[in-house]
1. Quick check on my filter: what residues within region 1-59 are of a type in the set (Ser, Thr, Tyr) and touching a residue at least 40 places away in the same chain (Cβ under 8 Å)?
2. Got a number for residues in region 110-141 being crowded, with 19+ Cβ neighbours inside 10 Å and acidic (Asp, Glu)?
3. Can you give me the number of residues within region 108-149 that are at pLDDT 95 or above and over 15 Å from the mean Cα position of the chain (by Cα)?
4. Output the helices (runs of 4 or more DSSP H) that fall wholly within region 1-102 and possess 1 or more residues being more than 16 Å from the chain's Cα centre (by Cα), at pLDDT 75 or above and crowded, with 18+ Cβ neighbours inside 10 Å, or say none.
Amino acid sequence: MNIFSTGDILQFAVRIEEDGEMFYHKAALNATDKEVRDLFNHLADEEIRHKRIFQDMLSGIETNPPAESFSGEYAAYLRDYVDGKAIFTKEARTEAMSDDLDAPSALHFAMGREADSILYYHEAKQFVDEKHYAAIDRIIEEERKHFHKLAQMKKKYT
């Protein structure tokens, strides 16, 4: 028995990309090094693009959310689930949005989130139609490149 549908899995992916975009924009605002700031702004743009890809996949499938007590209840539940259990937990979100997060810490945090995203997307492929595999594989490859760029930048601080 699957707890989540394909639509749920794709909505999780959208949320992961939204959280990543917020983090990268915040990290860019806090960055004092222009090279680090430019990298974070670039990665924020990439997250926006990934979000659109997942939204396009989502628009191509039929979703049947459970009955709701109020409009948007199920979407709120999924957001809370992802925020509490997946890539950007509440603790991670608090840490990521801190104004005190210096460049090495932000780079380290971002590397962890990129690695977590790669793992999530590998697992998510089990729940989506095979026609979406190529798009997800492209995103996984891009997330790997993000991880590598972050690792290269982090070497500047070690």
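1. Result: 5, 6, 24, 32.
2. Number satisfying all stated conditions: 1.
3. The total comes to 2.
4. Counting at least 1 such residues, we get 6-30, 34-59.
Residue-wise test of (1) of a type outside the set (A, V, I, L, M); (2) more than 19 Å from residue 150 (Cα to Cα).
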{"position": "111", "(1), (2)": "no, no"}
{"position": "116", "(1), (2)": "yes, no"}
{"position": "119", "(1), (2)": "no, no"}
{"position": "122", "(1), (2)": "yes, yes"}
{"position": "128", "(1), (2)": "no, yes"}
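The values are calculated or read from the model by the stated rules, or taken from the named source; none is laboratory data. Keep in mind the model is a prediction, meaning the values are calculated, not measured. Backbone-built Cβ (ideal geometry, glycine too); neighbour counts: all protein chains shown.
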